[in-house]
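The values are calculated or read from the model by the stated rules, or taken from the named source; none is laboratory data. Everything numeric here is computed off the predicted structure, so don't read it as measured data. No Cβ is skipped: glycine too gets one built from the backbone with ideal geometry, and neighbour counts run over all protein chains shown. Just the protein is used for accessible areas: all its heavy atoms, side chains included, with ligands, DNA and RNA removed. Shrake-Rupley method; radii C 1.70, N 1.55, O 1.52, S 1.80 Å.
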Amino acid sequence: MQKTQIFQKSSALSDRFGRRIDYLRISITDRCNLRCIYCMPPEGIELFEKNQILTFEEMERFSRIAVNLGVRKIKLTGGEPLVRKGIMRFIASLKEIDGLDDLSLTTNGIFLEDLADDLKASGLNRVNVSLDSLDNKRYGEMTRGGDLSRVLRGINKALEVGFIVKINTVVLDGLIEREILKLIEFGKERNIEVRFIEFMPLCGNGWKRNYFIPLVDTKKKIGQRYKLTPLGNNGVADRYGIDGGGIIGFITPVSEPFCSHCSRLRLIARGTLRPCLFSSLEINIFPLLRNQASHEEIEKFIQKAVYMKPEWNPVLRGVEDPKKVFIRNIGG
Ligand code: SAM
Ligand code: SF4
């Protein structure tokens, strides 16, 4: 009884710590066509049956209710979102939701060349492409078989059809650092923001402590080459203009967690709600969506998930076992 009252009080999706939750990330599939060394084991992961995965109609209904409660931005992720059939109609249906200001997608870019036109026509606003190397061989090693030329053609096509594109690069010590300057130049030439992300110590993703490098070190090295002009922090990325044009950002979930600004809630394809990327805590909303539960019941579950958001990164606080937290099907 007491708990219900608390959930009802936290209306308009503010959590217990006063953070406004207005950003929903939907992992629309657990399937992926790559096996990036920092994300997936080489053999892939155990996949859910099709009927254990939310339909796009169920995800759309969930999204409508979440937007009605205060969500303003949705990002589609995965696995690899572009491998799921029917995504264009799904995007178009989300685009119709009144009150949704921003709809974006993060992709490994392999299918982007083929799909960029349709994605644009469906109403998607922005695209983030994961790209860790501009060297064919290294890219192939990092992704365990990805074809760099396809990703590059995908990026060009996305720009051509008018998307704002950002690049996400996970920085692994000794493996990626030498790529950084090349990626910055690549971004400058195309007017693409390049965001460097710290390697996160989560389950089954090949976590090796010696791969981790705090981005403050990376920033110092970049600073020796470019003049960096601070552009502020947009809640996730610490952004800088670089001389000669171009923007880079640093996303530091491990060395400088941005928990105090966290505005995120995650819906996973198998129908669970994840209040925090660094916690195994989840709420199963699948039966409610599958059985067409009332709007009010679903709202209550969303509020419950928001209520359960931890104040601070549970893995870094030592109260969560990183071996129990997966990233690959949560979508980052
Ligand atoms: N397949 C899509 C892609 O690669 O963009 C979407 C899913 S992927 C899990 C989303 C983001 O999480 C990507 O930018 C990826 O680089 C990032 N990511 C995956 N594993 C990570 C890790 N261990 N540490 C930091 N970022 C990670
Ligand atoms: Fe697939 Fe994206 Fe993970 Fe790479 S980072 S294995 S592309 S889900």
Legend entry - Accessible area per residue, Å², region 2-330 with all protein chains present, probe 1.4 Å: 44
Legend entry - Net length gained if the chain between Arg225 and Asp118 were fully extended (0.36 nm per residue, minus Cα distance): 34.6 nm
Legend entry - Estimated distance in nm for a label pair at Ser280 and Trp312, the labels positioned 7 Å out from Cα along Cα-to-Cβ: 2.2
Legend entry - All Cα pairs of the chain, percent lying beyond 27 Å: 44
Legend entry - Those GluC sites (Glu not before Pro) in region 53-160 that DSSP places in a loop and that have at most 13 other beta carbons within 10 Å: Glu96
Legend entry - Residue order for Asp135, Asp22 - accessible surface, 1.4 angstrom probe, largest first: Asp135, Asp22
Legend entry - Label point distance in nm, Asp243-Glu49, each placed 7 Å from Cα along Cα→Cβ: 6.2
Inset, instruction - Determine the alpha carbon to alpha carbon distance for each of Lys182/Lys219; Lys95/Lys120; Lys75/Lys323; Lys75/Lys95 and list only those over 18 Å. - result: Lys75/Lys323
Inset, instruction - Taking a cut-off of 14 Å between Cα atoms, list the aspartates and glutamates near Lys300, but don't count ones fewer than 8 places away on the same chain. - result: Asp15
Legend entry - Distant-in-sequence amide H partners of Lys166 (H built 1.01 Å from N, under 5 Å): Val127, Asn128, Val129
Legend entry - Ile37, Ile302, ranked by accessible area, largest first (probe 1.4 Å): Ile37, Ile302
